[in-house]
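K.L.:
Sharing a structure with you now.
The values are calculated or read from the model by the stated rules, or taken from the named source; none is laboratory data. None of the values given here were measured: they were computed from a predicted structure. Backbone-built Cβ (ideal geometry, glycine too); neighbour counts: all protein chains shown. The protein model used for the area step is the full one, side chains on, heavy atoms only, and it has no ligands, DNA or RNA in it. Shrake-Rupley method; radii C 1.70, N 1.55, O 1.52, S 1.80 Å.
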Amino acid sequence: MELWFKETHTPNLGMVVKVKETLHREKTRYQDLMIMDTYEFGRALVLDGYIQTTEKDEFIYHEMLVHVPLMAHANPNKVLIIGGGDGGAIREVLKHRKVQQAFLVDIDERVVATCREYLPSLSSALDDPRVTVTIADGIEYVKQFKEAFDVIIVDSTDPLGPSVGLFNRSFYESAYGALRSGGILVAQSEQVMFQPDTVRDIVTTLRAIFPVAKLYLAWVPTYSAWGYGFTIATKGSDPAVISNDDLEGKTRYYSAEVHRAAFVLPPFVKEIIGGE
Ligand code: SAM
């Protein structure tokens, strides 16, 4: 008997993935959590019916979420990740020699524990001495800080359930206050082709708070392939310009050329966000 996982990206579009085995399934305090082993993408974390990350293509998303802001910042000593309980973003952050402290704040301890067990290629860095993992609501967490971080990375689920508040103005204003001078925020921003309104709202809101806010793109096969958006906001610098050279270790998608090219937006995308 064949087993298929179906995920809808819009009411009229979906993706099916053939499944070898469901390795884990539970209802946590916040979300429905599943780890499945698939033929095409290896193991995958699924939350509330949406694929979050897979062994096969997670490197694209995590490299582009992390190395663009960290390479655009001259001295990223203190980095905060909100969400990211699978550990993939932290693993990439630790490839930067200048990072002295990395804080991960995820609301759901079961995501962290389950990814430690089933997704070691992502979660292995969570035990690094530079890393502090806190189980808390990122919305409340950032409110405690004033000018404390150089980079804030929002690696949240889609704007559903506990993530909704991570897409609104008051959270971004708290994050602005928690950033040091020269600070940079990046937020995973959904899919330009199928969630243009969400992308537009994120870019517009950040532009109202930060002096600079730009969209850049990558293609992530499990997130409807082309045009996955990342919105990066700075306290003045141009994030398309690479400001440091401390990235150690191999990357398979990110490079200086890819960094610069990611900010080159097709005319229809510029139209969605009201200009680059
Ligand atoms: N890489 C995935 C993506 O691209 O969509 C998401 C990574 S990670 C699995 C998303 C994490 O956000 C989940 O572990 C979830 O528990 C966490 N999360 C959701 N709302 C949150 C909140 N308000 N504060 C902190 N973490 C939150």
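K.L.:
State the extension gain, in nm to one decimal, for the chain segment bounded by E109 and S243, taking 0.36 nm per residue of separation less the distance between their alpha-carbons.
P.N.:
On the way: separation 134, 0.36 × 134 = 48.24 nm, distance 3.49 nm.
Full-extension gain reported as 44.8 nm.
K.L.:
Right, another one. At 222 nm, what helix-only mean residue ellipticity would the chain give, in deg cm²/dmol to the nearest 500, using -39500 (n - 2.57) for each DSSP H run of four or more?
P.N.:
Details: 9 runs with 78 residues, N = 276.
-8000 deg cm²/dmol, from helical runs alone.
K.L.:
Under a crude label model (7 Å from the Cα following the beta-carbon direction), how far is Y39 from D128 in nanometres?
P.N.:
My value for the distance between the label points is 3.6 nm.
K.L.:
State the dimensionless ratio Rg/Rh of the chain (Rg: radius of gyration of Cα atoms; Rh: Kirkwood radius).
P.N.:
On the way: Rg = 17.5 Å, Rh = 18.6 Å.
Here Rg/Rh amounts to 0.94.
K.L.:
Given R₀ = 25 Å, FRET efficiency for E276-E147 by Cβ-Cβ distance, to 0.05? It would help to have the intermediate numbers written out before the result.
P.N.:
Details: r = 28 Å, r/R0 = 1.13.
Computed FRET efficiency for E276 and E147 comes out at 0.30.
K.L.:
Any idea what angle helix 58-72 forms with the longest principal axis of the chain, computed on alpha-carbon atoms, 0 to 90 degrees, nearest 10?
P.N.:
For helix 58-72, the angle is close to 10 degrees.
K.L.:
Take the cross-link list K56/K250; K98/K235; K143/K235 and give me the ones stretching past 23 Å between alpha-carbons.
P.N.:
Working: K56/K250 16 Å; K98/K235 20 Å; K143/K235 18 Å.
Correct reply: none exceed it.
K.L.:
At a probe size of 1.4 Å, how large is the accessible area of T132, to the nearest 10 Å²?
P.N.:
60 Å²
K.L.:
Once you sort the root eigenvalues of the Cα gyration tensor of the range 101-221 as a ≥ b ≥ c, which label holds: rounded (a/c under 1.5), prolate (a/b larger than b/c) or oblate (the other case)? Could the numbers behind the result be given before it?
P.N.:
Details: a/c = 1.75, a/b = 1.23, b/c = 1.42.
It is oblate, given that a/c is not under 1.5 and a/b is not larger than b/c.
K.L.:
Turning to a different aspect of this structure: I'd like the carbon and sulfur percentage of the solvent accessible area for the range 58-273, probe radius 1.4 Å, heavy atoms only, ligands and nucleic acids excluded. Each step should come with its number before you reach the end.
P.N.:
Numbers: 4250 of 7960 Å².
Within the range 58-273, the accessible surface is 53 percent carbon and sulfur.
K.L.:
Using r as the Cβ-Cβ distance of Q101 and M1, and R0 as 45 Å, what FRET efficiency do you calculate, to the nearest 0.05?
P.N.:
Details: r = 49 Å, r/R0 = 1.10.
Taking R0 as 45 Å, the efficiency between Q101 and M1 is 0.35.
K.L.:
Starting from the exponent 0.38 and prefactor 2.2 Å, build the expected Rg for the range 3-54 from its residue count and divide its actual Cα Rg by it. List each step's numbers first, then the result.
P.N.:
Values: Rg = 10.8 Å, N = 52, 2.2 N^0.38 = 9.9 Å.
That ratio works out to 1.10.
K.L.:
Hey, which lysines would be in cross-link range of K270, C-alpha to C-alpha under 16 Å, not counting anything within fewer than 8 residues on its own chain?
P.N.:
Filter leaves K214.
K.L.:
Mind checking the full-extension length gain between E140 and Y253? Use 0.36 nm per residue of separation minus the Cα-Cα distance, one decimal, nm. Each step should come with its number before you reach the end.
P.N.:
On the way: separation 113, 0.36 × 113 = 40.68 nm, distance 3.32 nm.
That pair, E140 and Y253, stretches by 37.4 nm at full extension.
K.L.:
Got a sec? Which residues in the range 213-235 would a label at L13 touch, if it sits 7 Å along Cα→Cβ and we count backbone N under 17 Å?
P.N.:
Under 17 Å, as judged by backbone N against the label point of L13, lie 217-230 of the range 213-235.
K.L.:
So for S156, S181, what's the accessible-area order with a 1.4 Å probe, most first? All intermediate terms of the calculation are to be shown ahead of the outcome.
P.N.:
Working: S156 10, S181 100 Å².
The most accessible residue leads, giving S181, S156.
K.L.:
I'd like the carbon and sulfur percentage of the solvent accessible area for the range 3-54, probe radius 1.4 Å, heavy atoms only, ligands and nucleic acids excluded. If you can, show how the numbers build up before the last one.
P.N.:
Details: 1350 of 2780 Å².
Roughly 49 percent, rounded to a whole number.
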